[in-house]
1. Return the residues of the range 66-88 that are surrounded by 17 or more Cβ atoms within 10 Å (Cβ to Cβ) and within 19 Å of Ile11 (Cβ to Cβ); say none if nothing qualifies.
2. Need the failing condition index for Tyr210 against (1) touching an Asp or Glu at 6+ places or on another chain (Cβ under 8 Å); (2) under 25 Å from Trp245 (Cα atoms); (3) buried (at least 16 other Cβ atoms within 10 Å of the Cβ), just the number.
3. Only one of (1) closer than 27 Å to Met8 by Cα; (2) in contact with a strand residue (DSSP E or B) (Cβ under 6 Å, 6 or more places away or on another chain) fails for Gly220. Which number is that?
4. Taking the range 110-131, which residues are in contact (Cβ under 8 Å) with a residue 60 or more places away in the chain and either in a helix (DSSP H, G or I) or out of contact with any Gly (no Cβ under 7 Å at 6 or more places or on another chain) (or both)?
5. In contact with a strand residue (DSSP E or B) (Cβ under 6 Å, 6 or more places away or on another chain) and modelled with pLDDT of 95 or more: which single residue out of Asp153, Asp162 fits that description?
6. Does the range 15-29 contain at least one residue that is surrounded by 19 or more Cβ atoms within 10 Å (Cβ to Cβ), in contact with a Pro (Cβ under 8 Å, 6 or more places away or on another chain), among the charged types (D, E, K, R) and in a loop (DSSP other than H, G, I, E, B)?
7. Can we say Thr231 is at pLDDT 95 or above, out of contact with any Pro (no Cβ under 8 Å at 6 or more places or on another chain), of a type in the set (Ser, Thr, Tyr) and more than 16 Å from Ser163 (Cα to Cα)?
8. Glu100: in contact with a helix residue (DSSP H, G or I) (Cβ under 9 Å, 6 or more places away or on another chain), acidic (Asp, Glu) and crowded, with 22+ Cβ neighbours inside 10 Å, yes or no?
Amino acid sequence: MESNGGPMKTIATWNINGVRARLPYLLLWLAEVQPDLVGLQELKSTDEEFPRAELEALGYYVATHGQKGWNGVAVLSKAPIVVRQAGLPGQEELGARYLEVESDKLLFTTIYCPNGKTLLHEDFKRKLAWFDALARTLRERQDVAGDLVVCGDFNVVPGALDSWNEVLFADSIFHTPEERARYTALLDWGLVDTYRALEPDGVCFTWWDYRGGAFHKKRGLRIDALLTSPTLAARAKSVEVERKWRKNAEEHKPSDHAPVVLTLD
């Protein structure tokens, strides 16, 4: 895998929570971190409204699958992008949440999984069905023996270490056995949760509520992940949650998620 500047070394995912509102922060982050390949989620932007020119000015190729006001996913790459699939087949009524591209022989999919709201809400059943469709689509369209990445906001807490209070939230949304079983099914297929593989006992969150000082109280969840094929997982050097980009700046309000960056050897 090579970008225009050489081998791809850094792959990132970030739920940006409104790309136009967060654009100054995004541009600062890209300039500082210089990731080779990025999946963005929750754009809240149509394809036409997406700030393509600003990102292309930094040397990125851009692909988007947007939606007005809600959802939306995008890929930024330092290498040319070929879009293979925009939208999860049979699930587009739940919004623009799936974008699959090829960039320098790497198959890269960014996803924004449905929230589910509450266990008694109809959206919870729709969330589980969306996950089933995701697993089916990946098995049908992709080869886990090759170089591939599935990343994004999964809206699932994979395990007890990934929640600030597993006991309090047991059987609550994001924590249920049904949701975790869907996440585990992706791993059973062969994908590797790169953070958990490198940090089996690590506690590191990717999302914090804006309310109640949750970020400073370390009351977060790990719901954003970079899943890769075993070939890429074997090359993983580190997975960093870049907390500094979740902090408030004087002129920029951050997303409620932090970017997650995978570095390969």
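1. Val73, Ala74, Val75, Leu76, Ser77, Lys78, Ala79, Ile81, listed by residue number.
2. The number of the failed condition is (3).
3. Unmet condition: (1).
4. Pass one, the range 110-131, residues in contact (Cβ under 8 Å) with a residue 60 or more places away in the chain: 110-112, 116.
The one that is in contact (Cβ under 8 Å) with a residue 60 or more places away in the chain and either in a helix (DSSP H, G or I) or out of contact with any Gly (no Cβ under 7 Å at 6 or more places or on another chain) (or both): Gly116.
5. Values: Asp162 fails: in contact with a strand residue (DSSP E or B) (Cβ under 6 Å, 6 or more places away or on another chain).
Unique residue meeting the criteria: Asp153.
6. Within the range 15-29, the first condition is being surrounded by 19 or more Cβ atoms within 10 Å (Cβ to Cβ), and the residues that meet it are 15-17, 19, 22, 25-26, 29.
Remaining after also requiring in contact with a Pro (Cβ under 8 Å, 6 or more places away or on another chain): 19, 22, 25, 29.
If we keep only those that are among the charged types (D, E, K, R) too, we end up with 22.
Now drop any that are not in a loop (DSSP other than H, G, I, E, B), which leaves 22.
There is at least one residue in the range 15-29 that is surrounded by 19 or more Cβ atoms within 10 Å (Cβ to Cβ), in contact with a Pro (Cβ under 8 Å, 6 or more places away or on another chain), among the charged types (D, E, K, R) and in a loop (DSSP other than H, G, I, E, B).
7. On the way: at pLDDT 95 or above: yes; out of contact with any Pro (no Cβ under 8 Å at 6 or more places or on another chain): yes; of a type in the set (Ser, Thr, Tyr): yes; more than 16 Å from Ser163 (Cα to Cα): yes.
So Thr231 passes the test.
8. On the way: in contact with a helix residue (DSSP H, G or I) (Cβ under 9 Å, 6 or more places away or on another chain): yes; acidic (Asp, Glu): yes; crowded, with 22+ Cβ neighbours inside 10 Å: yes.
Yes: the conditions hold for Glu100.
The values are calculated or read from the model by the stated rules, or taken from the named source; none is laboratory data. Just so it is clear, the structure is predicted and the values come from calculations on it, not from any experiment. Counting neighbours? That spans all protein chains shown, and the Cβs are built from the backbone with ideal geometry, glycine included.
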